[in-house]
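Asks: Quick one: structure below, then a few questions.
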Amino acid sequence: MPHEPSETRTTLLLREAAAGNREAAEDLMPLVYDELRKLAAAWMARLAPGHTLQPTALVHEAYARLVGSADAHWESRRHFFFAAARAMQHILVEHARKRMALKRGGGARQVDLADCELSVDAPPEEILALDKALDKLKDTNPRMHTVVMLRYFAGLPVQETAQALGVNDSTVARDWRVARAWLFREIAGEGGASS
């Protein structure tokens, strides 16, 4: 296990940073920065041209929220990156809300999830509709919500998602398929219900 010492060091730094140790937070950043940057780049690639956020700004904002949170506690790198994906989602939703406020209105549109593939193309009303549907999925089926967060937002493959959840690959594949279809229906209903 060649990565174990690094994993252990990172996990220790994560715990210390979560406990408010500023030095640990500073030591942690170089260890997680590349992965956070990849995660932010994946998020940004899903946005349509013309957005004003940059991956570096998204990484720094998410990191600041994560290590600055009073209730932060991470059990592992995976748990930290799940929290990072969630923080990035919240930042993008806040950004979308600000853009919607600037537009002063405009009805929600149906999100195109071509072949039930999740998409966060940049129109803010679509990002907000997806966020609302994800919140509802979290209440309806927390495991499916976690599968979506790990697979789509954190970019984990089926096998790593299954390992993180302690279930088999086929359960994750089924949850992923059902969750995408559920989100598609939920968002389509949201778009169709707008006035």
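What follows is calculated from the coordinates using simple rules that are stated; it is not laboratory data. The structure displayed is predicted, hence computed values, not measured ones. Every residue, glycine as well, gets a Cβ built from its backbone with ideal geometry; the counts of neighbours run over all protein chains shown.
Asks: Please find the FRET efficiency linking Q163 to R9, where r is the Cβ-Cβ separation and R0 is fixed at 22 Å, and quote it to the nearest 0.05.
Replies: 0.55
Asks: Round to the nearest 0.05 the FRET efficiency obtained for A64 and A42 when R0 = 25 Å and r is the Cβ-Cβ distance.
Replies: Step by step, r from the Cβ atoms, then E = 0.80.
Asks: At a Förster distance of 45 Å, what's the computed FRET efficiency of R97 paired with S170, Cβ-Cβ distance as r, to 0.05?
Replies: Numbers: r = 38 Å, r/R0 = 0.84.
Calculated value: 0.75.
Asks: Tell me, in nm to one decimal, what length is gained between H73 and D139 on full extension, where the rule is 0.36 nm per residue of separation less the Cα-Cα distance?
Replies: So the extension gain works out to 21.6 nm.
Asks: Next question, about the same structure. Work out from phi, with θ = phi - 60° and the Karplus expression 6.51 cos²θ - 1.76 cosθ + 1.60, the ³J(HN,Hα) of each residue of the stretch 73-88, listed in order in whole Hz, and give x for Gly and Pro.
Replies: With coefficients 6.51, -1.76 and 1.60, one gets 7, 10, 8, 6, 4, 4, 4, 4, 6, 4, 5, 5, 4, 5, 4, 5 Hz.
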